[in-house]
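> Dumping the structure here so I can ask a few things about it.
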Amino acid sequence: MAEILFLVHRAPWPPDRGDRIRSWHMFEALAKLAPVHVAALADNDADAEAARAKMAPLCASLSIEVRSASRPLALAQAVLHGEPVSNRLFRNAALARHVEALIAGGTITHIVAFSGQMAQYLPGTFDGPILMDFVDVDSAKFATYAAQDKRQPLHWVHAREARRLADYEAQVAARANASLFVSAAEAALFRGRSGLDDRRVQAVENGIDTEKFDPALAFEPVGQGEGPLAVFTGQMDYRPNIDAVRWFATDILPLVRRGHPQARFAIVGRAPTDEVKALAALPGLIVTGEVPDVRPWLAAADAVVAPLLLARGIQNKLLEAMAMARPVVASPAAAEGIDAEPGTHLLVADGAEAIAAAVGICFGDPARAAGMGQAARARMITRYGWDARLAPLGRLLGLAA
């Protein structure tokens, strides 16, 4: 009888951020194929306890360890041993011992590893099918960071990480039966880097729960006040999100307010950095911090914005907003990978003035904005259901659903 070991860099519950949304739905899909043993890390004790309470009854076995590696120590160890810093940050001896014991027990027939950092836990002696979900090409992300930071102290750290991760990703993919990425663009990029063909490197896109993200549901009113409201959602200690909201707040919103003087901008997401919190001092700015549910803020938005300068794969924040029938304004980087038609399902704009003009369209033409939102929701329903998106897992693992 088949049994699956699912290695996850962050315990999937609660599915309240992009990586956990994907890994949670992947866990649910795997559990339909065979019993699943989960070995995961968590960022803190609270996250670990929440995940244990939810997932323990659903798993064949569950081990969640809280990671505690500091970035300076991880960097020093990575340089000393010639490996990626990312791996050191997600290295945990207790979890490694647990995985070794599971494999030694002889019942594990398949392994699915979620995120490249978890490939270090793949036992060298395991000869069953291995499915590696990289999600994004992380090495390319760090290469972009390095290019952006040419005059900053972190430039050499990011440049080194890009090189080390690229080598490591290629080594892992060469061992795996198949490697997955969240979009066709990410998969094509990795095929070009690794030399592997489209049988070994495939796209399995993210989906969206359109019953949960449904504008017909009743939500508590939020964001009330004078003036149209633009909303950004996301993890607010994540650098691409920080860069995006800073750019919108300082360069784009003032342009929007020329035509809509009362326009407001809400930054909705957990763990805002001091830099993000400071933006609340600007005219029209709202920084919520963590909220129990992003849906009320999406429902309140006159436009949902994603002015990302750097984005990898498919942005869950856009799928959620489109499922909620909200008009979306996205940068080309944020919109890449989403199977939707610009101008019909969302507005794609490049540069501060173009983004400001697109937001102005949403604010100034409510009928057009509403029509675009309805078209977006219809697209999400027909194209992005989770069951359809994750259906290839059974075939890739050689397990019937």
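> Select from region 164-205 the residues that are among the hydrophobic types (A, V, I, L, M, F, W, C) and assigned to a strand (DSSP E or B) and list them in ascending order.
Ala178, Leu180, Phe181, Val201, Ala203
> Within the group Gly351, Gly360, Gly337, which residue is small (Gly, Ala, Ser), open to solvent by 10 Å² or more (accessible area, probe 1.4 Å) and within 17 Å of the chain's Cα centre (by Cα)?
Of Gly351, Gly360, Gly337, the one residue that is small (Gly, Ala, Ser), open to solvent by 10 Å² or more (accessible area, probe 1.4 Å) and within 17 Å of the chain's Cα centre (by Cα) is Gly337.
> Among the listed residues Thr250, Thr288, identify the single one that is polar (S, T, N, Q) and either assigned to a strand (DSSP E or B) or modelled with pLDDT under 95 (or both).
Every option except Thr288 fails the conditions.
> Are there any pairs, at least 6 apart or on different chains, whose C-beta atoms fall under 9 Å, with the first in region 70-94 and within 11 Å of Gln117 (Cβ to Cβ) and open to solvent by 30 Å² or more (accessible area, probe 1.4 Å) and the second not aromatic (Phe, Trp, Tyr) and not in a helix (DSSP H, G or I), and if so, which?
Arg88/Ala69; Arg91/Arg67; Arg91/Ala69
> Would region 313-325 turn up any residue that is open to solvent by 60 Å² or more (accessible area, probe 1.4 Å) and in contact (Cβ under 8 Å) with a residue 60 or more places away in the chain?
No, region 313-325 contains no residue that is open to solvent by 60 Å² or more (accessible area, probe 1.4 Å) and in contact (Cβ under 8 Å) with a residue 60 or more places away in the chain.
> Next up: For region 335-356, enumerate the residues that are closer than 16 Å to Ala230 by Cβ, in contact (Cβ under 8 Å) with a residue 40 or more places away in the chain and not acidic (Asp, Glu).
Residues satisfying the conditions are Ala352, Ile355, Ala356.
> Do you know which residues across region 298-312 are surrounded by fewer than 24 Cβ atoms within 10 Å (Cβ to Cβ), over 13 Å from the mean Cα position of the chain (by Cα) and farther than 16 Å from Pro366 by Cα?
Within region 298-312, Leu309 is the sole residue that qualifies.
> Could you say whether any residue in region 218-233 is within 18 Å of the chain's Cα centre (by Cα), without any contact (Cβ under 8 Å) to a residue 12 or more places away in the chain and open to solvent by 70 Å² or more (accessible area, probe 1.4 Å)?
no
The values are calculated or read from the model by the stated rules, or taken from the named source; none is laboratory data. Please read all numbers here as calculations on a predicted model, not as lab measurements. As a convention, Cβ positions derive from the backbone with ideal geometry for all residues, glycine included, and neighbour counts pool all protein chains shown. Surface areas here come from the heavy atoms of the whole protein model, side chains and all, with no ligands, DNA or RNA. Shrake-Rupley method; radii C 1.70, N 1.55, O 1.52, S 1.80 Å.
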